[in-house]
Amino acid sequence: MKLIFKGIVQGVGFRPTIYRIAQDMNLKGYVLNKGSEVEVVIDKHKDAFIDRVYKQLPSIAHITEIIEKPDKRTFSDFQILHSKEGEKQSLIPPDVGICQNCLRELFDPQDKRYQFPFTNCTVCGARFSLIKDVPYDRERTSMDAFPLCESCEKEYKNPLHRRYHAQTISCPTCGPSYRLYDKQKKDLGDTLAIKRFATQLDAGKIGVIKSWGGMHLCCKIETIDLFREWYGRPQKAFAVMVRNLEAAATYGTITEEEKKVLLSKSKPIVLVKKIGAEQASPGLGTIGLFLPYTGLHYLLFSHLQTDALVMTSANIPGEAMITTDKEVFSIDADFYLLHNRSIPNRIDDSVLRLWKGHTFFLRKSRGYIPRPLAVMYDKTILSVGAGENITGALSHDNNVFATQYIGNSKHYSTLTFLEESLRHLMKLTITTPSLDAVVQDMHPAYDSRRVAKIFSDEFSVPLFDVQHHWAHAASLLVDNKLDESVVIAVDGLGYGSDGAFWGGEVLASRFTDFTRVGHLEPIPLLGGDQATKDPRRLVFAIFHKLGSEKFFSGDEAHILSKLMDSSPKSTSLGRVLDALSCYLNICTTRTYDGEPAMKLEPYLALGKPTYAFDVNVNGGVIGTIDIFRQLDEQIQRPLNDQEKADYACSFVKAIVSTLSQLAIAQAETTGIDTVGITGGVSYNIPITEMVEREVHKAGLRFIVHNKVPNGDGGISIGQNAIIGHQLSA
């Protein structure tokens, strides 16, 4: 009998497990990797064998399908055969944190891998970040530059050893190594390199660490003010790697659900309620914490006095993370801890937020990519996402694979990264590269469209435009395995079907079409993109329409007033939140994308809907400008923080409840039983909960994201699904 196992069965100790079970059951035959499947032939006891496989499945393996075929050949024993080419349907495992067995070896003076930072086995370590192609064998990874020593080769060939056929096996004799460098690029050697680097961090120096899928900039948390000044990021939140859960508890209030994810093999950055280290995330209610996930991290903390490190991707702001030693010295840090293993696949740390059993991915990358999502179409579609915080996606054989987090496509290095990542997905998933279509955002200025055209021209396939918020809505449908829903799509902005900028939308959505049921009143973006960077311009535009002036006067006000009619208009809820944050003097200067709205969230969480606002709705258009008039009339003196919170909560609830009622009415009229929320604003928990209460009150089901990022990182999935379904109709 021949059994074809599909799923995450490459690089996870699956073949050794099969071998041990077959030996124990006295079976004859073989096991081998074939493409990205595993082929097993056994001579008897098929059902009992399959049952044993499921019970003894390695921790990061996952079987999606078993295909049975007759096979009458006879064998004298059971062997692991060398991999063969086969059909590519990549379910390559993601990079996962070091396991407890390897961690014990790391700190065991009697073990040959004592203090060896690259310690791993068949169930842990780098995977996606070092894989060049499938089948997953050592020669197709970045470990091909490190031939096995005699000792490691014995372990590799021993079916009873934990590292049997572990493709990334190595030790201090044959594996990669770290070296320390100073600011002048001087090689300070490999002797005690990690300990010496730790000493410099404790002394307040800024360092760079080369890890699995890229580089980290780091410093001890006590040095964060100096770090901000040096890096030129005065306000943006930085993730903090903590020594252990006990240390984490000094910086954030951690729920049991959050603790479970922090300890999971994926080891993401988790946003938790902040109780300390204000400078890590100024003005925000959360802090991003994560635990060590490589041997290097554990060794580093064993030498450090501090229990927390600021740890952020090493890159020129906005550009792709650095992966090569040659590039990294441009960062101009004090010290560099670099290893000599290449990084074929750049991959950032994942960032997520948990809400009522759901996972809101702000950045879906290391630990989760490249796991696919099942879809109901079998077309091979390539989609390139939007403009910022993007991913690409590729569908094939009823699965859609997203790339790792890419970034802002206006930078050349990031655009190149998008193209390279999509090509790598094609290499892993498609035996003979071909496409049925390519999809892009309809915004004519998005640079990601250049990548879309490259693929469309190369494969001579149609290139489709998809509206931004429809793609958001479709990504929510994919995430919830639905064909239709009424969706509240709220974000910073996206190019609308009418040429204006949308972002506060109620859409009755299907994969084949959508109806714009309602939206916020358009607000002029004075100076276009400049208004998104200076929230005072938003407030000025709103109150100029009301016949008064805010924040600007004299010549400045005169110039801005001249822009009122010619500037683009936006229905974005994100821009309304920016304006409200600015008006209430919570955040009047934006130093990073989304800052004013993000700094409003803690006030929304603290506030109560104490004040009343009348909301005018005309033809599905919600009159936001008049709500600002009412707010201004009610506030006659400077406010304390609680009053700001109550006004903010009351104001936002008035708008969000009205959006919800438009969505509910559409659902009830058309017989749809779900209402959902998507887009970057849906990361805002108080706003999501406002919608949830309204939807539940109406007796409908509320849907949110769980596997697809809420923000623009999910756009490529939505684009892909829309065109995939349309071409399959």
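The values are calculated or read from the model by the stated rules, or taken from the named source; none is laboratory data. Everything quoted here is computed from the prediction, not taken from an experiment. In this analysis, Cβ positions are derived from the backbone assuming ideal geometry, glycine residues included, and neighbour counts consider all displayed protein chains.
Scanning the range 688-729 for residues that are of a type in the set (S, T, N, Q) and more than 19 Å from the chain's Cα centre (by Cα) yields 688, 726, 728. Does residue 452 satisfy the condition of being crowded, with 23+ Cβ neighbours inside 10 Å, touching a Gly at 6+ places or on another chain (Cβ under 8 Å) and either at negative phi or part of a helix (DSSP H, G or I) (or both)? Considered against the rule, which asks whether it is crowded, with 23+ Cβ neighbours inside 10 Å, touching a Gly at 6+ places or on another chain (Cβ under 8 Å) and either at negative phi or part of a helix (DSSP H, G or I) (or both), residue 452 comes out as no.
For the range 284-299, a residue qualifies if it is farther than 22 Å from residue 337 by Cβ and not in a strand (DSSP E or B), and the qualifying residues are 284, 285.
Taken over the range 616-649, the criterion of being in a helix (DSSP H, G or I) and touching a Ser or Thr at 6+ places or on another chain (Cβ under 6 Å) is satisfied by 646 alone.
So that you can scan it fast, the table gives a plain yes or no per residue for (1) among the charged types (D, E, K, R); (2) assigned to a helix (DSSP H, G or I):
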{"residue": "401", "(1), (2)": "no, no"}
{"residue": "405", "(1), (2)": "no, no"}
{"residue": "410", "(1), (2)": "yes, no"}
{"residue": "425", "(1), (2)": "no, yes"}
{"residue": "431", "(1), (2)": "no, no"}
{"residue": "434", "(1), (2)": "no, no"}
{"residue": "439", "(1), (2)": "no, no"}
{"residue": "472", "(1), (2)": "no, yes"}
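Residues satisfying the criterion are absent from the range 208-219 (criterion: among the aliphatic types (A, V, I, L, M) and farther than 30 Å from residue 143 by Cα).
Here residue 570 fulfils each of the conditions (1) over 22 Å from residue 465 (Cβ atoms); (2) among the polar types (S, T, N, Q); (3) in contact (Cβ under 8 Å) with a residue 60 or more places away in the chain apart from (1).
Residue 173 fulfils the conditions (1) assigned by TED's automatic domain parsing to the domain that holds residue 340; (2) farther than 25 Å from residue 367 by Cβ; (3) among the hydroxyl-bearing types (Ser, Thr, Tyr) except for a single criterion, (1). Checking each residue in the range 617-643 for being closer than 18 Å to residue 581 by Cβ and buried (at least 21 other Cβ atoms within 10 Å of the Cβ) picks out 624, 627, 628. Exactly one residue out of 354, 362 is surrounded by fewer than 22 Cβ atoms within 10 Å (Cβ to Cβ), over 21 Å from residue 427 (Cα atoms) and touching an Asp or Glu at 6+ places or on another chain (Cβ under 6 Å): that is 354.
Restricting 312, 286, 323 to residues that are outside the structural domain of residue 601 (by TED's automatic domain parsing) and at pLDDT below 95 narrows the list to 323.
When you scan the range 206-228, do you find a residue that is within 30 Å of residue 605 (Cβ to Cβ), small (Gly, Ala, Ser) and crowded, with 19+ Cβ neighbours inside 10 Å, even just one? Scanning the range 206-228, I find no residue that is within 30 Å of residue 605 (Cβ to Cβ), small (Gly, Ala, Ser) and crowded, with 19+ Cβ neighbours inside 10 Å, so the answer is no. For first residues located in the range 260-278 and closer than 16 Å to residue 100 by Cα and assigned to a loop (DSSP other than H, G, I, E, B), partners that are of a type outside the set (A, V, I, L, M, F, W, C) and modelled with pLDDT under 95 and lie 6+ apart or on another chain with Cβ distances below 8 Å form the pairs 265/59; 266/94.
The set of residues in the range 578-593 that are touching a strand residue (DSSP E or B) at 6+ places or on another chain (Cβ under 9 Å) and buried (at least 20 other Cβ atoms within 10 Å of the Cβ) comprises 578, 579.
Checked against (1) hydrophobic (A, V, I, L, M, F, W, C); (2) surrounded by 18 or more Cβ atoms within 10 Å (Cβ to Cβ); (3) over 16 Å from the mean Cα position of the chain (by Cα), residue 386 passes all but a single condition, namely (3). Within the range 689-725, the only residue that satisfies the criterion of being under 23 Å from residue 390 (Cα atoms) and either surrounded by fewer than 17 Cβ atoms within 10 Å (Cβ to Cβ) or free of Cβ contacts under 8 Å to residues at least 40 places away in the same chain (or both) is 706.
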